[in-house]
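*Asks:* One structure follows; several queries about it will come next.
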Amino acid sequence: MAKRLGGGVLLLQNAPSIEGFAAVGGRMEGKGPLAAEFDELNEDTTFGEKSWEKAESRMQKNAVSRALAKSNTAPGEVDIIFAGDLLNQCTGSTYGLRELEIPFAGLYGACSTMAESLCMASLFVEAGFANRAVAVTSSHFCSAERQFRFPLEYGGQRPLTAQWTATASGAVIVGNSGKPPFVRAAAIGKISDPGITDAANMGAAMAPAAAMTITEYFSRTGKSPAEFDRIFTGDLGAVGTEILLKLLKQNSLDLTGIHQDCGLLLFDRQTQDVHAGGSGCGCSASVLCAHILPRVRSGEWQNVLFAATGALMSPTLVQQGESIPGICHLVHLSHQNGKEAC
């Protein structure tokens, strides 16, 4: 069973295994630096469907199907699936996964949903509530623009602080195979609200939440950044990353040389017009499944922290002048199961 350290930090003493994972992306992702690491890229970002929303559902289904196939798992062998996306009522997930007939728990953590769903899937396996669980999320540039900002036809100008919503999905199968990568710990984040009201500056809204969760994890576990090969945040982009590193230094945490942000890895800001970087549920999810997990599995990286961030905003409330709360959930991924000590 998981050991509670307080502050939302949990040590997973049985260390569930990540048995399979897959990343699916669209046209922009296929032009980015991680293109060769994706399981599937589609030049037609409709994925053969008639709407952007249906395309997002197709991405999720494809990601889960590929992850199941890579782990030699049939849908009937999965006890529960944790899934979410950015669309109203998480319809990208529900419509995409309904044919699998797997017990379903919908989640909304905005861009933190990959870490949130992975936390929940790992905790269910750790506690024995499931032998095998799936964590999946997605985002689509066009469906997100339509819901959160303006239809693409409007042609609105994006400020330099804005980020490009990834058209991507990532899926992870969690079980008890005893093979790496292992999930060693989880930290459920607290809501942080720095008072940002600009919906085009998500990095600034989310950075304090990332600093809070990362600081809480190190404080509760007694670990130091030097014990990790990499520490990844999700979707802070250039603006949020700068704020995060300053906040952590104020907490005596220096991540120089080991920190990377998924929003700065998925796209090339020099050749792709993504302004401050990538964002969306699918950004950190696809970077996790395409770039991070293969290196933990091979042992190239022994210990990694994956801390995905989300802006818990509503277009309606933002239009009413409300601020944008942030959240960050964290997972410790390891090549070793850590039975001797976590």
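*Asks:* Of the residues that sit in the stretch 68-120 and are within 19 Å of Leu293 (Cβ to Cβ) and of a type in the set (D, E, K, R), which one is surrounded by the most Cβ atoms within 10 Å (Cβ to Cβ)?
*Replies:* So the residue we want is Glu116.
*Asks:* In contact with a helix residue (DSSP H, G or I) (Cβ under 8 Å, 6 or more places away or on another chain) and modelled with pLDDT under 95: does that describe Thr46? Spell out the reasoning first.
*Replies:* Values: in contact with a helix residue (DSSP H, G or I) (Cβ under 8 Å, 6 or more places away or on another chain): yes; modelled with pLDDT under 95: yes.
Yes: the conditions hold for Thr46.
*Asks:* On to the next question. For the stretch 278-326, which residues satisfy the criterion of being outside any loop (DSSP other than H, G, I, E, B), more than 20 Å from Gln89 (Cβ to Cβ) and among the aliphatic types (A, V, I, L, M)?
*Replies:* The answer is Val287, Leu288, Ala290, Ile292, Leu293, Val296, Val304, Leu305, Ala307, Ala308.
*Asks:* Continuing with the same structure: Quick check on my filter: what residues within the stretch 97-120 are without any contact (Cβ under 8 Å) to a residue 60 or more places away in the chain and either of a type in the set (A, V, I, L, M, F, W, C) or assigned by TED's automatic domain parsing to the domain that holds Pro208 (or both)?
*Replies:* Matches in the stretch 97-120: Leu97, Leu100, Ile102, Phe104, Ala105, Leu107, Met120.
*Asks:* Another question, then. So Phe21 ticks every box in (1) surrounded by fewer than 23 Cβ atoms within 10 Å (Cβ to Cβ); (2) closer than 27 Å to Leu100 by Cα but one. Which box is left unticked?
*Replies:* The one condition Phe21 does not meet is (1).
*Asks:* Inspect the stretch 247-255 for any residue being in contact with a helix residue (DSSP H, G or I) (Cβ under 9 Å, 6 or more places away or on another chain), among the polar types (S, T, N, Q), modelled with pLDDT of 95 or more and in a helix (DSSP H, G or I) and give the result as yes or no.
*Replies:* Yes: one or more hits.
*Asks:* Just wondering, is there one or more residues in the stretch 49-60 that are part of a strand (DSSP E or B), in the same structural domain as Cys111 (by TED's automatic domain parsing) and crowded, with 24+ Cβ neighbours inside 10 Å?
*Replies:* Taking every residue of the stretch 49-60 in turn, none turns out to be part of a strand (DSSP E or B), in the same structural domain as Cys111 (by TED's automatic domain parsing) and crowded, with 24+ Cβ neighbours inside 10 Å.
*Asks:* Output yes when any residue across the stretch 170-177 is at pLDDT below 85 and of a type in the set (Gly, Ala, Ser), and no when none is.
*Replies:* Looking through the stretch 170-177, none of the residues is at pLDDT below 85 and of a type in the set (Gly, Ala, Ser).
*Asks:* From the residues in the stretch 122-148 that are within 18 Å of the chain's Cα centre (by Cα) and without any contact (Cβ under 8 Å) to a residue 60 or more places away in the chain, which one is surrounded by the most Cβ atoms within 10 Å (Cβ to Cβ)?
*Replies:* Ala135
*Asks:* Something else: Check His329, His275 and return the single one that is in contact (Cβ under 8 Å) with a residue 24 or more places away in the chain and assigned to a strand (DSSP E or B).
*Replies:* The conditions single out His329.
Condition check ((1) of a type in the set (D, E, K, R); (2) in contact (Cβ under 8 Å) with a residue 12 or more places away in the chain; (3) more than 19 Å from Pro180 (Cβ to Cβ)) across all residues:
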{"site": "Lys31", "(1), (2), (3)": "yes, yes, yes"}
{"site": "Ala36", "(1), (2), (3)": "no, no, yes"}
{"site": "Phe47", "(1), (2), (3)": "no, yes, yes"}
{"site": "Lys61", "(1), (2), (3)": "yes, yes, yes"}
{"site": "Ala67", "(1), (2), (3)": "no, yes, no"}
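*Asks:* Only residues that are outside any loop (DSSP other than H, G, I, E, B) and at pLDDT below 95: list them for the stretch 77-93, please.
*Replies:* The answer is Asn88, Gln89, Cys90, Thr91, Gly92.
*Asks:* Something else about it: What's the number of the condition Val318 fails, among (1) over 16 Å from Met206 (Cα atoms); (2) out of contact with any helix residue (DSSP H, G or I) (no Cβ under 8 Å at 6 or more places or on another chain); (3) aliphatic (A, V, I, L, M)?
*Replies:* So Val318 meets the others, but not (1).
The values are calculated or read from the model by the stated rules, or taken from the named source; none is laboratory data. Predicted, not measured: the structure shown is a model, and the values here were computed from it. Every residue, glycine among them, receives a Cβ derived from its backbone with ideal geometry; neighbour counts consider all protein chains shown.
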